[in-house]
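The values are calculated or read from the model by the stated rules, or taken from the named source; none is laboratory data. If you're wondering where the values come from, they're calculated on a predicted model, not measured in any experiment. When we count neighbours, we look across all protein chains shown, and the Cβ atoms used for this are built from the backbone with ideal geometry, even at glycine.
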Amino acid sequence: MIKNYLSFAIKNFRKQKLFSLINILGLTIGITCCLMLFLFIQNEFSYDNFHKNGKNIYRVMRVGEMNGEKHEIPYVSAAYAPALLSDFPDVIQKVVRVVRDNDLISYNNTSYNEKNVVLADDNFFSVFSFPLIKGNPTTALKDPNSIVLTETTAKKYFGNDDPMGKILQFNKDQQLKITGISKDVPVNSHLQFDMVVPLEILRPMLPDWFTNFPNNTLFTYVQLKPDANPGQLEKRFPVFMDKYLGKYYAKTGAKMSLIIKPLNKIYFASDNFDNVKHGNRKMVYIFMSIAILILLIACINFINLATARATDRSKEVGLRKVLGAVKKQLLSQFILESVLFATLACILSVLLLQLLMPAYTGLLGYKLPAFWSNPWFYIFILGVIVIVGLLAGSYPAIFLSSFSPIESLKGKLKAGSNGAFFRKTLVVFQFSISVLLIISVVVMMNQMRYVKNFDLGFNKEQSMIVRFDNFDISRKKKQFKNELLTLPSVQNVSLMSGEPGGFHDRYSFEAESNPAEKYLLNTEFSDLDIVKTLGLKIIAGRDFSENFGTDTTQAVLINRTTAATLGYNTPEQAIGKWIRNITGDSLRRTIVGVVEDYHYTSLQTAIGPLVISPGKDNRLALIKLNPSKLKSTISDIKKVYAVVAPDYPFEYSFLDDRFDQLYRTESKQESVLSIFSVIAIFIACLGLFGLSSYTAIKRTKEVGVRKVLGSSVENIVLLLSKDLLKPVLLGACIAAPVGFYFMNKWLQGFAYRIEFRWWMFALAIFIALLIALLTVGVQAIKAAMANPVKSLRTE
Amino acid sequence: MIKITNLEKIYRTEEVETVALNKLSIEVKGGEFVAVMGPSGCGKSTLLNILGLLDDPDAGSFVFNGIEVAKFNERKRADLRKHNIGFVFQSFNLIDELTVFENVELPLIYTGVKSADRKKRVEEVLDKVQIMHRRNHYPQQLSGGQQQRVAVARAVVNSPKLILADEPTGNLDSSNGNEVMQMLTDLNEQGTTIVMVTHSEHDARYSHRIIRMLDGQTVLENIMV
């Protein structure tokens, strides 16, 4: 029986080449999109699942409260680990500290500035499941002067030689022996590293760092005993914090609590400012909905073409019934046909996927694990075949198998009229999805353009960032600055702790306006040249100046928001008042000036209070360049750098790029949505093309008669197009409010955003209508131009 | 074999009510060959549809092989139909996408006959209607006479007790028509009951009995001698 159905389905396929091709093409594209998005989503949800003890591993986090909002901070100090282990021996089995580092590693005469070094406790490889190819995971990091490399890193230094036992130089002054080679870190790990060095190597240099409590620089992971209750443990943390930090908190007025976060929750906690790999859950959901919508559009094509063609098959259905087929048999025949279609489309999709994988990697920005060896991939394909087969096949199957045999044999079923309403409804649905996607793209493009051209309140052009990522440059930053200033192409240089768009520390302050109150304010530690270099605007008081010898130690600038936060009605009122960074400064500083608010964070957040304080904690140099001769300027700066830090490669970035990076997620959303909305409307139009060519064929005689009676070609084109364009227009109108709702939500993510304009919706609807009109019109014109005598004769 | 009593079938549209069968009573015995004649619209086809269990009457009784089937649901009708009744149509109604062999095989598939068995029986019956050499051709590649022979083969492949023929020679020339009529006669002689709707007095002469209908009723029954 099945063999019979199959051979019949194949014959049918061949007979209806155009419709079959449209169906297969649509389904193939739809399923390919689905597979791509499936691989992405599966990878996102697989983060950190590969650790054997993963269920019992947690990261220790501090939680601070500011303006009623809780902020999780993943950094704690080195002293937490031994304290946790000794205070909770009944619950905590192991503790491992991890700090990400940037080190100069040399072998023979080659040096690399390794940015992906992890310093960790010696049980790193027994807590986490990063398998070692060579070496013993329990002892590899026991000796402070040892190092474990990943496979790829080992290849980089030693080629095909055996690296075990070789000596690498660490930051020029220490020798590390290679004691292990680990497999490369999987893509789906939030911790990424190229080499692991024992944390103990720092002890001789920084003995205090290991014992001081308020010095939060590293991650601490705990592995709980298998039967431990994490909730119970957290309840005991307040006592713990009080024991070790009570006095400190009493002094500073700050207060933090402690929590533990499950390992597999870290990846999606993208609000943790921690420089490890994070995913965006929202983006995953957007991807997921797109995948489903596109597949739906493709399925609708299948349903529509199958039901439209139903009358062609009514004779077959009638005959089969006369010959004894019961409804169930016909149902299974038609569903089998659609399952066959789905299977064929899936096979083509896998091939297409393989072809598109490099482009997809480019779009994502990283390589997904190979899908050939992924069992879930095959299960997913099987699921797609079953679901698409049933989804796309069941309605046509029910529809076709319900024909009465007498009527269908007599040819009484009117061409196309059966289920026409249902078909149009589905077209409405397809185009509302397409228009919805187009609206989203239009709004996103506008918002992103708005963000990129927004006046940030400072000058971001021609500003180079050089980070102080090694000891040499940090130590000689003053010399670096002075030498740069001798270059004719350098206008200004400012040393600062965080560039606009980068990280700004938050400290608690007390202030003259209300000495009893403690204010949490963002800080910028810079030299005296920040206002000039960034082009900030002073709205009250004065800029920092060398002329006042005390500015370095006794002055601050604040922004307009800080003045308001501190309770001053006008910026002028703040001038001359004192303010004190409770942990940073022993003495009070005087507010010498107020700067106009500028966007030192992304436009997703409103401008917060900021204190610019001269300080030594500079982590980068911001170099304002002369616009002309940019190329030679860069090489000049490189020469200066080579003098100051000869062992390190010169690396730089530009401030405007840095700012664009803040919207990377949104930009990616925009490009993904653009691509998929093009695909969605393409598939929808494929279906429309099928329907219109079908209508054209079915109405050949009508067109002939009308032409004989004197109708013009235009009238006929209009007649044939009208029927199909109405649902497109209706769909577009439905999409507009839905698009408004979703994009409004999306825009809420920006503190500074565009207004909705009517033309955004009009543009989206216009694009969809135009494409639909082209699709339908081609068929209509073809039908209208045909010689009427010919079409009448064939009847 | 067939006994219908006071059978009624009325077609209704919004404005018009058409009485297709008006308290019709007919009896056909096993092994009979009956021709039904009458002008267009007299209810012949409706009668044939009801006899073939493709349609149900609005009122009256229909006893088939001793079972009252007038109130059967579609499933039961389909089941009874596929084991007992074969159809021959004026326009042949072969499925264009299937070969001669596959067309004839179809009823056997629906009655669940095993593949090897099917092959044997299809070949037998194709042999009988002398179309074996065309077994792998498609309907479009055959002449009208050949197509109707295939249709007859398909009607009898399940060895039905009753064959319903709706103007079986209507689309054929006289020599092909005679051939088909001869085939039906042969089948009848082997014991199959045949009810045939026809416009042709010539064809009707092959039957044992002619039922003449007008306005949904029988007006005359001729017994052929």
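Annotations for the structure displayed:
- Lone qualifier among A:Val350, A:Val322 - being in contact with a strand residue (DSSP E or B) (Cβ under 8 Å, 6 or more places away or on another chain) and touching a residue at least 12 places away in the same chain (Cβ under 8 Å): A:Val322
- Identity of the residue in the stretch B:55-72, away from chain A (no Cβ under 14 Å) and closer than 25 Å to B:Thr18 by Cβ, that ends up surrounded by the fewest Cβ atoms within 10 Å (Cβ to Cβ): B:Lys71
- Matching entry among A:Ser526, A:Ser489, A:Ser494 (being of a type in the set (Gly, Ala, Ser), at pLDDT below 90 and closer than 30 Å to A:Asp636 by Cβ): A:Ser489
- The stretch A:188-217, residues that are in contact (Cβ under 8 Å) with a residue 12 or more places away in the chain, in a loop (DSSP other than H, G, I, E, B) and over 23 Å from A:Tyr112 (Cα atoms): A:Asn188, A:Ser189, A:His190, A:Arg203, A:Thr211, A:Asn212, A:Phe213, A:Pro214, A:Asn215, A:Asn216, A:Thr217
- Within the stretch A:101-150, the set of residues being outside any strand (DSSP E or B), without any contact (Cβ under 8 Å) to a residue 60 or more places away in the chain and within 28 Å of the chain's Cα centre (by Cα) comprises just one member, A:Phe130.
- Total residues in the stretch A:303-323, condition away from chain B (no Cβ under 14 Å), more than 15 Å from A:Leu686 (Cβ to Cβ) and in contact with a helix residue (DSSP H, G or I) (Cβ under 7 Å, 6 or more places away or on another chain): 2
- Filtering A:Ser635, A:Ser711, A:Ser667 for residues that are surrounded by fewer than 21 Cβ atoms within 10 Å (Cβ to Cβ), small (Gly, Ala, Ser), farther than 30 Å from A:Thr523 by Cα and at pLDDT below 85 leaves a single hit, A:Ser711.
- Only listed residue being more than 22 Å from A:Tyr378 (Cβ to Cβ) and either at pLDDT 90 or above or away from chain B (no Cβ under 14 Å) (or both), chosen from A:Leu39, A:Leu27, A:Leu18: A:Leu18
- Residue satisfying all of: in the stretch A:117-172; closer than 16 Å to A:Val95 by Cα and acidic (Asp, Glu); surrounded by the most Cβ atoms within 10 Å (Cβ to Cβ) among these: A:Asp121
- Boolean, A:Ala310 is closer than 30 Å to A:Val728 by Cα, modelled with pLDDT under 85 and crowded, with 19+ Cβ neighbours inside 10 Å: yes
- Index of the failed condition, A:Asp227 passing every other in (1) farther than 25 Å from A:Val95 by Cβ; (2) free of Cβ contacts under 8 Å to residues at least 24 places away in the same chain: (1)
- Here A:Ser77, A:Ser86 are screened, and the one residue that is crowded, with 18+ Cβ neighbours inside 10 Å, hydroxyl-bearing (Ser, Thr, Tyr) and over 24 Å from A:Leu382 (Cα atoms) is A:Ser77.
- Matching residues, the stretch B:201-224, being part of a loop (DSSP other than H, G, I, E, B) and modelled with pLDDT under 90: B:Asp215, B:Gly216, B:Met224
- Of the residues screened, B:Arg75 is not one that is within 13 Å of chain A (Cβ to nearest Cβ), at pLDDT below 90 and under 25 Å from B:Glu27 (Cβ atoms).
- Flag for B:Pro168 being farther than 27 Å from B:Pro39 by Cβ, of a type outside the set (A, V, I, L, M) and crowded, with 16+ Cβ neighbours inside 10 Å: no
- When the test is whether a residue is within 14 Å of chain A (Cβ to nearest Cβ) and modelled with pLDDT of 90 or more, B:Leu80 does not pass it.
- Candidates are the residues of the stretch A:1-15 that are over 25 Å from A:Phe682 (Cβ atoms) and among the aromatic types (Phe, Trp, Tyr); the one that is farthest from the other protein chains (Cβ to nearest Cβ) is A:Tyr5.
This table checks each residue for (1) modelled with pLDDT of 90 or more; (2) in contact with a Lys or Arg (Cβ under 7 Å, 6 or more places away or on another chain); (3) within 19 Å of A:Lys481 (Cβ to Cβ).
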residue: A:Tyr519; (1), (2), (3): no, no, no
residue: A:Leu536; (1), (2), (3): yes, no, yes
residue: A:Gly541; (1), (2), (3): yes, no, no
residue: A:Gln573; (1), (2), (3): yes, no, no
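- Of all residues making up the stretch B:139-160, the number that are more than 14 Å from every other protein chain (Cβ to nearest Cβ) and either in a helix (DSSP H, G or I) or more than 24 Å from B:Glu102 (Cβ to Cβ) (or both): 6
- Index of the failed condition, A:Tyr285 passing every other in (1) within 14 Å of chain B (Cβ to nearest Cβ); (2) free of Cβ contacts under 8 Å to residues at least 24 places away in the same chain; (3) not small (Gly, Ala, Ser): (1)
- Enumerated helices (runs of 4 or more DSSP H) restricted to the stretch A:517-619, each holding at least 1 residues that are hydrophobic (A, V, I, L, M, F, W, C), over 16 Å from A:Gly457 (Cα atoms) and out of contact with any helix residue (DSSP H, G or I) (no Cβ under 7 Å at 6 or more places or on another chain): A:560-565
- Filter result for the condition that a residue is among the basic types (Lys, Arg) and surrounded by 18 or more Cβ atoms within 10 Å (Cβ to Cβ), over A:Arg281, A:Arg320: A:Arg320
Rundown of residues vs (1) farther than 24 Å from B:Gln182 by Cα; (2) not in a loop (DSSP other than H, G, I, E, B), yes/no style:
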position	(1), (2)
B:Gln90	no, no
B:Leu94	no, no
B:Leu98	yes, no
B:Asn103	no, yes
B:Leu106	yes, yes
B:Ile109	yes, yes
B:Lys119	yes, yes
B:Glu123	no, yes
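- The stretch A:653-669, residues that are over 20 Å from A:Tyr360 (Cβ atoms), within 11 Å of the chain's Cα centre (by Cα) and of a type in the set (D, E, K, R): none
- Of everything in the stretch B:112-138 that is aliphatic (A, V, I, L, M) and either more than 14 Å from chain A (Cβ to nearest Cβ) or touching a residue at least 12 places away in the same chain (Cβ under 8 Å) (or both), the residue that is nearest to A:Lys3 (Cα to Cα) is B:Val122.
- Residue match in the stretch A:695-704 (condition: touching an Asp or Glu at 6+ places or on another chain (Cβ under 7 Å) and either among the basic types (Lys, Arg) or surrounded by fewer than 16 Cβ atoms within 10 Å (Cβ to Cβ) (or both)): yes
- Between A:Ser338, A:Ser408, the distinction of being within 14 Å of another protein chain (Cβ to nearest Cβ) and polar (S, T, N, Q) belongs to A:Ser408 only.
- The stretch B:83-111 - residue that is buried (at least 20 other Cβ atoms within 10 Å of the Cβ) and touching a strand residue (DSSP E or B) at 6+ places or on another chain (Cβ under 9 Å) and, of those, farthest from the other protein chains (Cβ to nearest Cβ): B:Val88
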